[in-house]
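Every number in this text was worked out from the coordinates using simple rules, so none of it is lab data. Because the structure is predicted, anything quoted here is derived from the model rather than measured. Quick reminder, even Gly has a Cβ in these numbers, built from the backbone with ideal geometry, and neighbours come from all protein chains shown.
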Amino acid sequence: MIQSKIAEMLGLKYPVFQGGMAWVATAELVSAVSNAGALGIIGSGSMEPEILEKEIHRTKNMTDRPFGVNLMLMNPFIEDLVDVVCKEKVAVVTTGAGNPGKYIDKFKSAGIKVFPIAPMIALAKRLEKLGVDGIIAEGGESGGHVGELTTMVLVRQIVKEINLPVIAAGGISDGRSVVAALALGADAVQMGTRFVVAKETKIHQNYKEAVIKADCRDAVVTGRSTGHPVRCLRNRLTREFEKLEKEGAPKEKLEELGTGKLKAAAVDGDVKWGSVMMGQTAGLINKEQTVKEILEEIFNEVPEVIKELNQRILS
Ligand code: TUI
């Protein structure tokens with residue numbers, strides 16, 4: 001057992017959040033993660049309110065353990081999605097791709113614990129003042145929409161300057177990287193890419209195979225010029241994107257190229273022209289396992305790594 005304020009607050013066996021990945025984190029994965037003792041989180045990034053409501057109900061039918069919902073703040077239905085999570089009184093909300101400041105009071109009134117994702121210290125400081133329960137410090141190694149700083153620097157800075165539990169995210173996939181996050185002062189970790197290849201994850205097999213085959217350097221960032229950089233597998237889509245960016249194509253044209261591409265990869269299995277979002281840890285992940293196997297493997301490794309460090313330091 002690892003002492004963790006967040007694990008204690010939420011009644012978790014493992015101090016682990018599963019990243020709330022759009023099209024990937026549906027009731028099957030979320031309930032498997034929560035049932036295994038970590039925190040499953042529904043990815044509502046692509047959902048309309050009625051779909052999210054249904055997904056919450058499906059998850060409630062598959063687990064009695066707490067679970068969360070990730071709200072992607074650029075979702076056009078965000079106001080209604082906020083109302084759905086408050087009505088359903090989910091245990092936890094995480095937010096991404098924006099500042100959730102104006103919704104915090106609503107979440108708190110509904111008794112929901114709030115953990116915004118912050119890719120920079122300024123946002124973390126603003127949110128601390130609004131009474132959030134912790135900060136997910138997500139470094140640029142992660143998949144999907146990324147910030148500029150690395151996990152190593154961002155987590156350290158947020159732990160130093162914020163007086164709240166910090167969840168480290170980005171680049172974490174095994175026992176050693178969990179120990180590294182704890183050494184930086186994180187209270188818990190969030191993992192996305194490792195759960196993409198979980199047996200319970202209901203996405204196209206091509207997507208999982210792409211993660212398993214990928215090298216760390218295959219997960220590239222495109223879209224910096226649009227203000228919404230995204231890390232995903234280098235493929236025909238990213239090459240076309242890079243070409244258009246170099247030519248100085250207008251933002252609208254670039255956004256048009258990206259539209260619907262995550263669904264194309266996750267649902268239709270189009271790993272050539274789809275947006276196969278994955279973090280750099282894809283290069284370290286090489287097999288499909290159940291959620292239980294993933295968590296057990298990681299947390300069997302943690303004490304071994306700490307023992308090894310103790311031996312090196314004391315000898
Ligand atoms: O949100 C994510 N990862 C995502 S969202 C997503 S869907 C998408 N698809 C295409 C283009 C863009 C998004 C896929 N992956 N991670 C959390 C995260 N949040 N990363 C970065 C941020 C972030 C960025 C700016 C959070 C806050 C923020 O604040 C700006 C402000 O207004 O202060």
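Scanning segment 241-259 for residues that are out of contact with any helix residue (DSSP H, G or I) (no Cβ under 6 Å at 6 or more places or on another chain) and loosely packed, with under 14 Cβ neighbours inside 10 Å yields a count of 10.
When segment 83-103 is examined, which residues are found to be over 23 Å from Ser142 (Cβ atoms) and either within 16 Å of the chain's Cα centre (by Cα) or within 16 Å of the ligand (Cβ to nearest atom) (or both)? If the condition is that a residue be over 23 Å from Ser142 (Cβ atoms) and either within 16 Å of the chain's Cα centre (by Cα) or within 16 Å of the ligand (Cβ to nearest atom) (or both), then Lys102 is the only one that fits.
Each residue in segment 131-140 was checked for being over 29 Å from Thr238 (Cα atoms) and within 12 Å of the ligand (Cβ to nearest atom), and 1 pass.
Test of understanding: among Ala137, Ala110, Ala124, which residue is small (Gly, Ala, Ser), at negative phi and surrounded by fewer than 23 Cβ atoms within 10 Å (Cβ to Cβ)?
Step by step, each of Ala137, Ala110, Ala124 is checked, and only Ala110 is small (Gly, Ala, Ser), at negative phi and surrounded by fewer than 23 Cβ atoms within 10 Å (Cβ to Cβ).
For segment 41-72, a residue qualifies if it is in contact with a Ser or Thr (Cβ under 7 Å, 6 or more places away or on another chain) and either outside any strand (DSSP E or B) or hydroxyl-bearing (Ser, Thr, Tyr) (or both), and the qualifying residues are Leu52, Glu55, Thr59, Met62, Thr63, Arg65, Pro66. Does Val230 fit the bill of being away from the ligand (no atom under 14 Å from the Cβ), touching a Ser or Thr at 6+ places or on another chain (Cβ under 8 Å), closer than 17 Å to Gly144 by Cα and of a type in the set (Val, Ile, Thr)? Answer is no for this residue.
Taking residues in segment 98-116 that are part of a strand (DSSP E or B), and partners anywhere that are β-branched (Val, Ile, Thr) and away from the ligand (no atom under 14 Å from the Cβ), the pairs with Cβ atoms closer than 7 Å and at least 6 places apart or on different chains are Lys113/Val92; Phe115/Val92. Of these, Lys213, Lys202, Lys263, which one is surrounded by fewer than 16 Cβ atoms within 10 Å (Cβ to Cβ), of a type in the set (D, E, K, R) and touching a helix residue (DSSP H, G or I) at 6+ places or on another chain (Cβ under 6 Å)? Result of the check over Lys213, Lys202, Lys263: Lys202.
Remark: Glu8 falls outside the filter, which requires a residue to be under 24 Å from Ala264 (Cα atoms), assigned to a helix (DSSP H, G or I) and of a type in the set (D, E, K, R).
Within segment 140-174, being at positive phi and part of a strand (DSSP E or B) holds for one residue alone: Gly144. Candidates in segment 64-77 are the residues that are farther than 21 Å from Ile6 by Cα and either crowded, with 18+ Cβ neighbours inside 10 Å or in contact (Cβ under 8 Å) with a residue 24 or more places away in the chain (or both); of these, the one that is farthest from the ligand (Cβ to nearest atom) is Phe77. Scanning segment 258-302 for residues that are free of Cβ contacts under 8 Å to residues at least 40 places away in the same chain and assigned to a helix (DSSP H, G or I) returns Gly258, Lys261, Ala264, Glu293, Glu296. Scanning segment 141-192 for residues that are closer than 24 Å to Pro303 by Cβ, within 16 Å of the ligand (Cβ to nearest atom) and hydroxyl-bearing (Ser, Thr, Tyr) turns up just one, Thr151.
Conditions tested, residue by residue: (1) closer than 17 Å to Ala282 by Cα; (2) of a type in the set (S, T, N, Q).
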| site | (1), (2) |
| --- | --- |
| Val114 | no, no |
| Ile117 | no, no |
| Glu128 | no, no |
| Gly139 | yes, no |
| Ser142 | yes, yes |
| His145 | yes, no |
| Leu149 | no, no |
| Gln157 | no, yes |
| Leu164 | no, no |
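Okay, residues lined up against (1) among the aliphatic types (A, V, I, L, M); (2) touching a Cys at 6+ places or on another chain (Cβ under 9 Å); (3) crowded, with 24+ Cβ neighbours inside 10 Å; (4) in contact (Cβ under 8 Å) with a residue 40 or more places away in the chain:
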site: Val155; (1), (2), (3), (4): yes, no, yes, no
site: Pro165; (1), (2), (3), (4): no, no, no, yes
site: Ala168; (1), (2), (3), (4): yes, no, yes, no
site: Ser173; (1), (2), (3), (4): no, no, no, yes
site: Ala180; (1), (2), (3), (4): yes, no, no, no
site: Val189; (1), (2), (3), (4): yes, no, yes, yes
site: Gly192; (1), (2), (3), (4): no, no, yes, yes
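Annotation note: of Glu200, Glu128, the sole residue that is over 25 Å from Ala27 (Cα atoms), of a type outside the set (Ser, Thr, Tyr) and either free of Cβ contacts under 8 Å to residues at least 40 places away in the same chain or away from the ligand (no atom under 16 Å from the Cβ) (or both) is Glu128. Among the conditions (1) assigned to a loop (DSSP other than H, G, I, E, B); (2) closer than 21 Å to Gly19 by Cα, the only one that Ile212 does not satisfy is (1).
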